[in-house]
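*Asks:* What follows is a structure written as structure tokens; I'll ask about it next.
A short reminder: the numbers here are calculations on the coordinates, not readings from a lab. Owing to the predicted nature of the structure, the values given are computational and were not obtained by experimental measurement. A quick note on method: Cβ atoms are made from the backbone with ideal geometry, for glycine too, and the neighbour counts reach across all protein chains shown.
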């Protein structure tokens with residue numbers, strides 16, 4: 001399909017057309033923070049943003065999600081599925097790193113014998129219309145993780161911000177179907193395409209962090225008991241801001257809310273994180289991750305060791321949110337660089 | 001004494017020198033095994049808490065107006081790194097701005113800390129910058145560099161440079177702070193190194209609170225709802241708080257489950273307000289809870305209200321004297337009870 005042009009002033013028209021059939025999500029400002037939210041007024045969409053505070057995973061994996069509701073009728077229990085699963089969603093304005101996180105999440109939720117159909121069905125019903133990052137942040141390091149500020153493969157439609165307009169390209173069949181519905185998009189010129197290529201190059205050059213992730217992955221295979229975990233967890237305060245702002249963290253807890261008077265109830269999942277004391281606390285009272293040392297180690301190993309060995313993927317997209325919001329400035333880039341300095345000879349192989 | 005008339009930048013240089021001199025002396029004379037302080041951060045507005053163990057690392061210790069964390073927190077939980085091979089507590093030095101000193105003293109009053117094992121390196125804090133406020137003012141601009149020059153903070157982005165007067169952009173609690181250097185501990189002068197001050201009581205007005213109180217209850221409720229609605233329950237506020245040291249927080253209690261854990265606004269509000277209740281007469285007004293909040297929630301009015309109630313009801317200010325039992329730790333016949341019993 002030919003590359004098209006969407007003028008910024010046409011965003012409203014674009015939204016009006018698509019919201020007929022889709023829940024249209026996009027970046028808006030809420031209490032001083034950029035978050036992805038269902039757009040009610042296209043004027044609210046923030047277009048010149050770096051990235052959202054809360055990652056767009058929250059659209060299909062919200063912090064609080066009702067898995068099902070139930071009603072007791074005598075001896076029978078009637079289960080009611082949430083209604084919104086089959087609704088179609090568009091996430092507009094998603095960044096390449098966050099779009100890639102959807103791919104990582106999908107691998108987790110459909111892994112093994114028991115697919116999490118609530119997530120995977122929602123994922124199937126969601127279309128990603130993303131925008132390349134003309135100006136990556138200082139803390140961005142997607143290029144070290146196989147990403148790129150203009151990586152389009154994880155999206156359905158990819159936009160490039162050319163100033164007054166967007167260059168529009170459909171990436172998947174889903175994207176093509178959507179663009180076919182919008183007849184009024186003009187064709188892109190050669191100079192538009194050249195400009196986009198130039199922007200991509202400039203963006204790539206702006207990313208100054210370079211980390212040898214393959215090296216880190218191989219070192220992490222053997223250093224479960226290395227003293228480095230003590231060192232890097234020393235100033236961690238044990239909050240969950242890194243995990244809750246992470247686009248790839250997906251751990252959750254399940255709680256029941258019962259309404260005894262009406263014989264009804266809800267089963268709810270809420271975000272959880274390995275940084276919390278309760279996360280691995282066992283019924284017996286034993287906690288296999290009793291201190292910050294084990295918890296910090298788990299967060300790093302999950303992304304850079306367990307993800308590679310389970311799915312042959314890296315569990316981090318390099319968005320830099322954890323770096324920006326860690327209260328103790330426990331910088332992931334520094335942690336990875338420290339790991340890469342572990343001498344082969346010092347490696348402590350787990351017995 | 002650090003000259004009070006100098007610029008903030010000059011004060012910072014002097015405070016930093018004071019920190020390094022005292023830290024070096026303590027390590028050299030084998031008075032401590034480790035020192036907890038601040039080191040340079042990797043991103044603008046941030047400093048990184050650090051634990052140093054040798055004289056060579058003394059130059060890593062810094063001071064500026066981004067040293068937001070309350071370092072006393074690192075002495076509360078059982079940090080394995082602050083123990084020796086046999087599991088005994090290390091002798092620790094700690095860089096103490098006023099509120100860090102108050103936190104240490106209050107923790108000692110609650111019998112959580114043995115001050116005899118601690119050297120408090122007192123410094124005259126000149127206030128912590130309100131990062132959230134500045135980020136909000138710059139909206140979506142990315143700040144690449146934040147530095148302090150004279151009495152201004154200079155923020156640099158890709159295409160801009162802006163200056164802000166530091167005094168106007170301090171944390172609200174720092175603006176009201178009356179304990180800039182840590183209190184000298186009456187019976188434990190040897191634990192106080194550096195600049196500490198004799199202080200037995202603080203007198204202050206609570207104008208900022210009365211302004212809020214003059215609003216209608218609906219308006220106040222709206223404020224609380226708007227304030228807390230962005231909360232994502234990451235508990236950074238709790239984890240940064242030196243007084244939140246319970247091994248099991250009320251909100252994590254599962255059997256029975258006392259409080260909801262979702263981000264439903266009613267449950268979020270209950271968490272924050274119950275936490276506030278637990279801090280009555282204990283909060284040392286360091287503002288760490290607000291500084292660390294990734295969503296930019298500023299809890300200072302709740303803190304100030306607590307301070308005011310405790311001051312007016314019990315004539316108590318936390319963190320001044322380890323020998324005085326905090327009001328919630330004792331019962332006095334003359335305590336007001338009109339909220340339980342009608343007074344005759």
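*Asks:* Quick one: P(r) of the stretch B:297-340 from all Cα-Cα pairs, 5 Å bins, percents rounded to integers, in order of increasing distance.
*Replies:* Values per bin, smallest distances first: 5, 18, 25, 24, 16, 9, 3, 0.
*Asks:* To the nearest Å, what is the center-to-center distance of the stretch B:237-258 and the stretch A:59-89, using C-alpha atoms only?
*Replies:* One Cα centre to the other: 30 Å.
*Asks:* Give the shape of the stretch B:1-147 as rounded, prolate or oblate, defined through the alpha-carbon gyration tensor: a ≥ b ≥ c are the square roots of its eigenvalues, a/c under 1.5 means rounded, and otherwise the shape is prolate if a/b is larger than b/c and oblate if not. Can you show the working numbers first?
*Replies:* Values: a/c = 1.80, a/b = 1.58, b/c = 1.14.
Because a/c hits 1.5 or more and a/b exceeds b/c, the stretch B:1-147 counts as prolate.
*Asks:* Please report the relative contact order for the stretch B:201-344, taking Cα pairs under 8 Å with a sequence separation of at least 6, and give it as a percent rounded to a whole number.
*Replies:* 24 percent
*Asks:* Take every DSSP beta bridge whose two residues both sit in the stretch A:4-206, then give the antiparallel share in percent to the nearest 5. Show your work: numbers first, answer last.
*Replies:* Working: 22 of 33 bridges.
Of those bridges, close to 65 percent are antiparallel.
*Asks:* Dividing the convex hull volume of the alpha carbon atoms of the stretch A:4-206 by its residue count, what do you get in Å³ per residue? Mind dumping the intermediate values first?
*Replies:* Details: hull volume 29.5 nm³, N = 203.
In the stretch A:4-206, the Cα hull volume divided by residue count equals 146 Å³.
*Asks:* If you restrict to DSSP beta bridges whose two residues both lie in the protein assembly as shown, what percentage is antiparallel, to the nearest 5?
*Replies:* On the way: 56 of 79 bridges.
Looking only at bridges with both residues in the protein assembly as shown, the antiparallel portion is about 70 percent.
*Asks:* Next question. Normalising by the residue count of the stretch A:229-313, find the relative contact order in percent from Cα pairs under 8 Å and 6+ residues apart.
*Replies:* Values: 85 pairs, mean separation 24.9, N = 85.
Relative contact order here is 29 percent.
*Asks:* Can I ask one more? Round to a whole angstrom and tell me the spacing of the C-alpha centers of the stretch A:1-29 and the stretch B:115-169.
*Replies:* Cα centroid of the stretch A:1-29 versus Cα centroid of the stretch B:115-169: 39 Å apart.
*Asks:* Follow-up. Based on the Cα gyration tensor of the protein assembly as shown, what are the three equivalent ellipsoid semi-axes, each the root of five times an eigenvalue, rounded to whole Å and given largest first? Write down the numbers at each step before the final one.
*Replies:* On the way: eigenvalues 384, 186, 146 Å².
That gives 44, 31, 27 Å for the three semi-axes.
*Asks:* Please rank B:315, A:161, fewest neighbouring Cβ atoms within 10 Å first, as an exposure proxy. Present the calculation step by step, with values, prior to reporting the outcome.
*Replies:* Values: B:315 9, A:161 18.
Least to most surrounded, the residues fall as B:315, A:161.
*Asks:* Run through every distinct alpha carbon pair of chain B and return the Kirkwood hydrodynamic radius in angstroms, one decimal place.
*Replies:* Working: mean 1/r = 0.0469 Å⁻¹.
So the Kirkwood estimate lands at 21.3 Å.
*Asks:* For the stretch A:60-132, would you read off the P(r) tail past 18 Å as a percentage of all alpha carbon pairs? Kindly include the intermediate steps, with their values, before the conclusion.
*Replies:* On the way: 1345 of 2628 pairs.
The answer is 51 percent, as a whole percent.
*Asks:* Report the Cα centroid-to-centroid distance between the stretch B:277-329 and the stretch A:260-305 in angstrom, as an integer.
*Replies:* 30 Å
*Asks:* Once you place label points 7 Å from the Cα toward the Cβ at residue A:43 and residue A:197, how far apart are they in nm?
*Replies:* Distance between the two pseudo-spin positions: 4.1 nm.
*Asks:* Please identify which residues in the stretch B:165-204 have an amide N closer than 16 Å to a label point set 7 Å out from the Cα of residue B:117, following the Cα→Cβ vector.
*Replies:* Only B:191 pass the distance filter.
*Asks:* Okay, next question. Just checking the output field for B:37-43: average partner chain Cβ neighbours within 10 Å of each residue's Cβ?
*Replies:* Numbers: counts 0, 1, 2, 1, 4, 10, 11.
Whole-number average of other-chain Cβ neighbours for B:37-43 is 4.
*Asks:* For the stretch A:213-346, what is the convex hull volume of the alpha-carbon atoms per residue, in Å³? Could you put the intermediate results ahead of the total?
*Replies:* Details: hull volume 18.7 nm³, N = 134.
It comes to 140 Å³ per residue, whole-number rounded.
*Asks:* What is chain A's relative contact order, in percent, from Cα pairs under 8 angstrom and six or more apart in sequence? Could you put the intermediate results ahead of the total?
*Replies:* Values: 606 pairs, mean separation 70.9, N = 351.
Reported relative contact order: 20 percent.
*Asks:* Here's another thing I want to ask about it. Considering chain A as a Gaussian network with a 10 Å cut-off on Cα pairs, which listed residue, A:254, A:59, A:317, attains the greatest mean-square fluctuation?
*Replies:* Top of the fluctuation ranking is A:254.
*Asks:* Right, another one. By its C-alpha gyration tensor, with a ≥ b ≥ c as the square roots of the eigenvalues, how is chain A shaped: rounded for a/c under 1.5, else prolate for a/b larger than b/c, else oblate? Don't skip to the answer; put the middle values down first.
*Replies:* Values: a/c = 2.15, a/b = 1.16, b/c = 1.85.
Cα axes put chain A in the oblate bin.
*Asks:* Also: Under the rule a/c < 1.5 gives rounded, and otherwise a/b versus b/c splits prolate from oblate, where does the stretch A:194-264 land using the Cα gyration tensor?
*Replies:* On the way: a/c = 3.10, a/b = 1.44, b/c = 2.16.
Here the stretch A:194-264 falls in the oblate category.
*Asks:* Quick one: work out Rg over Rh on the C-alpha atoms of the stretch A:103-226, Rh as Kirkwood radius. Display every interim value, and only then the final one.
*Replies:* Working: Rg = 18.4 Å, Rh = 17.3 Å.
Reported Rg/Rh, Kirkwood definition of Rh: 1.07.
*Asks:* Still on this structure: Summarise the partner chain shielding of A:328-337 as one whole number: the mean count of Cβ atoms from other chains within 10 Å of each residue's Cβ. Could you put the intermediate results ahead of the total?
*Replies:* Numbers: counts 13, 15, 3, 5, 1, 2, 2, 0, 0, 0.
That works out to 4 on average.
*Asks:* With springs only between Cα atoms under 10 Å apart, run a GNM on chain B and tell me which of B:287, B:319, B:296 wobbles the most.
*Replies:* Most flexible of the set in this elastic network: B:296.
*Asks:* When every alpha-carbon pair in the stretch B:207-329 is counted, what percent end up more than 20 Å apart? Please list the in-between numbers first.
*Replies:* Working: 3539 of 7503 pairs.
I get 47 percent for the Cα pairs in the stretch B:207-329 exceeding 20 Å.
*Asks:* Also, quick follow-up: What's the whole-number percent of alpha carbon pairs in the stretch B:90-247 lying beyond 29 angstrom? Please report the intermediate quantities before stating the final value.
*Replies:* Values: 4735 of 12403 pairs.
So the pairs more than 29 Å apart make up 38 percent of the total in the stretch B:90-247.
*Asks:* Where is the GNM fluctuation largest for chain A (alpha-carbon springs, 10 angstrom cutoff): A:123, A:264, A:137?
*Replies:* Looking only at A:123, A:264, A:137, the largest GNM fluctuation is found for A:264.
*Asks:* Indicate, rounded to the nearest 5 percent, the antiparallel portion of the DSSP beta bridges found entirely in the stretch B:47-189.
*Replies:* Values: 12 of 17 bridges.
That works out to approximately 70 percent antiparallel.
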